[in-house]
Amino acid sequence: MECVVLGSGTAVPHPRRGSAGYLLRHAGCTVLVDAGLGTLQKLAVLGVSPAEPDAVAFTHLHLDHTAELAPLLFSLRNAGVGRRKALTLLGAPGFREFYERLRRTYGSWVEAEGYPLLVEEISVRPVSLGSLVITAVPVSHTPQSVAYRVEDPETGKSVAFSGDTDVCGGLVAAARNADVGVFECSFPDERKVEGHLTPREAGEMASAARVRRLVLTHFYPECEGADILGRCRETYAGEIILAEDLLRVAV
C-alpha cells in the first residue's frame, strides 16, 4: 500500500502546496481522497492517467477539497484518456445533490461517456472497492464532513484521512490503530481556529487512536516558520512526517 500527498495546502494559494488531495494505491486499486485545486496536474506529474482511479472519496464539500471534480469528469470525456472501467464518487449524505448541482451548471460536460459513473453517499455502511474497505465517520467541521478509514482486511493495513476537523471522537474512531494517519494541521497552537486542528491537538488525536505513524498536512500560511513538529511531539510519541506535495509514504 502506498499513499501519495498530491496537495498539502489549503484554499490559500501557495508556491509549493496545492489544495487537499491524496492518492492511495494497493493491490491494483487506486483511490483519490479529495481533489482540490492542483490534483490533476500532480497526477500528471506522477504519470497517473485520469483513467486509473477506481474511486474519489470526498471528505466534505469545501472548494479546496472538491474544486477539481468537474475538471476530472470533463477530462474523462476526452477519447484520448480511454476510460472504460467504472468510477465511483463517494461523499457524505448530501453529496448526490452536490453532483446534481454540477450537472445543472455544466450539463453533459460532467456526465459519463463510455464508462459507468456511480455517485454514492457513504454513511454507516462501509463500501468495498476491490480488496479495500472504505469506512466514513462523521467529524467536527461541517454537517457533511467525514474522516475516512481505508483498509485491506486481508493484510490489516490501514490509512486514516482526517479531512478537515476539530478535536472529536469521530477522528479517533476512524483512525483507531491505523498504520498511517493523515491528519490536518491547519494552524499553530497559538492561532487556533475552530473546526481545525493545531499540532498539539493532532498529536492528541493520534495518541488517543494509537496511530503508528502520523502525517501532518493541510498547512495554512500561518504555519510557515512555526514549530509544528516540536509542538506535535509534545502529545504524540510516534513518527511524525510533515507533508509536502508529492510526498510518498509506504504503508
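Would you pick out the residues in the stretch 33-47 that are in contact with a strand residue (DSSP E or B) (Cβ under 6 Å, 6 or more places away or on another chain) and assigned to a loop (DSSP other than H, G, I, E, B)? Don't jump to the end; show me each part of the working.
Step one: list which residues in the stretch 33-47 are in contact with a strand residue (DSSP E or B) (Cβ under 6 Å, 6 or more places away or on another chain), which gives 33-36, 38-39, 42.
The answer is Gly36, Gly38.
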Inset, instruction - Please state which one of Ala112, Ala86, Ala136 is small (Gly, Ala, Ser), buried (at least 16 other Cβ atoms within 10 Å of the Cβ), over 17 Å from the mean Cα position of the chain (by Cα) and at pLDDT 95 or above. - result: Ala112
Inset, instruction - For residues that are surrounded by fewer than 23 Cβ atoms within 10 Å (Cβ to Cβ) and without any contact (Cβ under 8 Å) to a residue 40 or more places away in the chain, scanning just the stretch 29-42, find the one that is farthest from Phe161 (Cα to Cα). - result: Gln41
Legend entry - Subset of the stretch 1-32 (residues that are assigned to a strand (DSSP E or B), farther than 17 Å from Thr59 by Cβ and not acidic (Asp, Glu)): Arg25, His26, Cys29, Thr30
Legend entry - Of the criteria (1) under 26 Å from Leu129 (Cα atoms); (2) surrounded by fewer than 15 Cβ atoms within 10 Å (Cβ to Cβ); (3) not basic (Lys, Arg), which one Val251 fails: (2)
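Only one residue in Ala226, Ala237 is crowded, with 17+ Cβ neighbours inside 10 Å, of a type in the set (A, V, I, L, M), assigned to a loop (DSSP other than H, G, I, E, B) and without any contact (Cβ under 8 Å) to a residue 40 or more places away in the chain, so which one is that?
Working: Ala237 fails: crowded, with 17+ Cβ neighbours inside 10 Å.
Sole residue among the options that is crowded, with 17+ Cβ neighbours inside 10 Å, of a type in the set (A, V, I, L, M), assigned to a loop (DSSP other than H, G, I, E, B) and without any contact (Cβ under 8 Å) to a residue 40 or more places away in the chain: Ala226.
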Inset, instruction - Could you tell me whether the stretch 35-48 includes any residue that is in contact with a His (Cβ under 6 Å, 6 or more places away or on another chain), within 25 Å of Ser158 (Cβ to Cβ) and of a type outside the set (A, V, I, L, M)? - result: yes
Inset, instruction - Only one of these is at pLDDT 95 or above and more than 23 Å from Val12 (Cα to Cα): Val193, Val159. Name it. - result: Val159
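The values are calculated or read from the model by the stated rules, or taken from the named source; none is laboratory data. All of these numbers come straight from a predicted model, not from anything done at the bench. We place every Cβ from the backbone using ideal geometry, glycine too, and count neighbours over all the protein chains shown.
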